[in-house]
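The values are calculated or read from the model by the stated rules, or taken from the named source; none is laboratory data. On a predicted model such as this, the values are computed, not experimentally measured, just so you know. Note: ideal-geometry Cβ built from the backbone for every residue, glycine included; neighbour counts use all protein chains shown.
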Amino acid sequence: MQEHVRSHQPTPEEIAAKWLIQGIEAFQHNDFTKARKLLELVLTVDPAQPTAHHFIACAACQQGEIGVALGHLRAALASTNGTPAAYNTRLQLRLVLRETKLPAELADFSSKLKPSDLAPKALVACMPKSGSTYAAQLLSQCLGLPWTFTFEAAHQNEQELSENRMEEIAQEKAVIQCHTRATEPNIHLLQAYRVNPIVQTRNIFDALWSMTDFIAGGFRENLFYIDCPCDWPRERILELVIRKYSYWYVEFYASWIIAEREGRLPIYWLPYEKLVEDPQQAVEGIAAHCGLPLLGQNIGEAVQALRGSGVVRKNKGVAGRGQSGMSQTQKDHIQQHTVCFPNIDFSPIGL
């Protein structure tokens, strides 16, 4: 008697795996419509399949459907957040957020936290040598909060916000100081962790003059990369500072103006000159902006204590030193940077 061998019937999971491979191959051959159809079939079997969501999003981006892409990228992250597989998805997600200007969400960066877990913070994004150490110390004392940082490492490193560090301190109230611009990655992290920044500025000529004093005094590895002999005269260091750092200062200011103008972040502007003139108003305004109570030292007492202590590096915060000390050629070099941002008024920083 002849035996009848029953043929193997593929399971839905096996069929979905085949569709997934075919969908990825179609994407690689730039057939984005076919890729999406096959990958959407995968989701009928496994609605959470992260690779299918990721490649549907990539195909949708290629077809200009950015909103569709955003939903699928977030679905992919929901299954992979906290794993190595999330890295490429998050890179793509950041590109989509940049394109749409939509706000980042906490789940875009953390699988451990809920929005209700987040604690308010006073984050001071500041020009170097703008009196920010003094501002951070004053806020720390008046708010009764620890003073900390959100970058991975100092010394020759621009202080970009760290994803890991933002997650580590998410549940802690704190005062944060960082020399960083409103780049897209920084904006996304501030949005996700619901941090409303304080942007500290200073007259650009005075800030660069103080930076020159700082480097001439021996601090050559505290900010960004710099390599100049220790015996350079101050005049040569000033020229280096102007040529190397002045555009960063202009871009710093422009980036935060643009972020505010586009409605990306609510910003409290803190000019150094106004902080010195009226610290009471500045600290109270920052506390209200950040949703933090003044539970620490009296503001007036804290100001006096800091002025009389050696805790804070004290620069000569005298207005006008840079303007009077630089040559017209040097000042013109700095002024020329503003042509890159024709729709921004730089007069608040002296340009």
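Scanning segment 140-173 for residues that are at positive phi and modelled with pLDDT under 90 yields HIS155, GLN156.
Look at (1) surrounded by fewer than 20 Cβ atoms within 10 Å (Cβ to Cβ); (2) farther than 22 Å from ALA86 by Cα; (3) touching a Phe, Trp or Tyr at 6+ places or on another chain (Cβ under 9 Å) and you find that VAL45 fails only one, number (2).
When the helices (runs of 4 or more DSSP H) confined to segment 84-181 are screened for residues that are surrounded by fewer than 20 Cβ atoms within 10 Å (Cβ to Cβ) and without any contact (Cβ under 8 Å) to a residue 24 or more places away in the chain, those reaching at least 1 such residues are found at 86-100, 163-168. Check whether at least one residue in segment 184-204 is in contact (Cβ under 8 Å) with a residue 40 or more places away in the chain, closer than 24 Å to SER111 by Cβ, small (Gly, Ala, Ser) and part of a strand (DSSP E or B), and report yes or no. Within segment 184-204 (the criterion being in contact (Cβ under 8 Å) with a residue 40 or more places away in the chain, closer than 24 Å to SER111 by Cβ, small (Gly, Ala, Ser) and part of a strand (DSSP E or B)), the answer is no, since none of the residues qualifies.
Condition check: in contact (Cβ under 8 Å) with a residue 60 or more places away in the chain, over 29 Å from SER140 (Cβ atoms) and either in a helix (DSSP H, G or I) or in the same structural domain as ALA125 (by TED's automatic domain parsing) (or both). Does GLU239 satisfy that? Spell out the reasoning first.
Working: in contact (Cβ under 8 Å) with a residue 60 or more places away in the chain: yes; over 29 Å from SER140 (Cβ atoms): yes; either in a helix (DSSP H, G or I) or in the same structural domain as ALA125 (by TED's automatic domain parsing) (or both): yes.
Criteria met by GLU239.
Looking at this structure, is HIS289 in a helix (DSSP H, G or I) and under 25 Å from the mean Cα position of the chain (by Cα)? Answer is yes for this residue. Restricting attention to segment 107-134, the residues that are of a type in the set (Gly, Ala, Ser) and farther than 21 Å from TRP248 by Cα total 6. Evaluated against (1) in contact with a Lys or Arg (Cβ under 9 Å, 6 or more places away or on another chain); (2) crowded, with 20+ Cβ neighbours inside 10 Å; (3) within 22 Å of TYR193 (Cα to Cα), GLY23 falls short on exactly one condition, (3).
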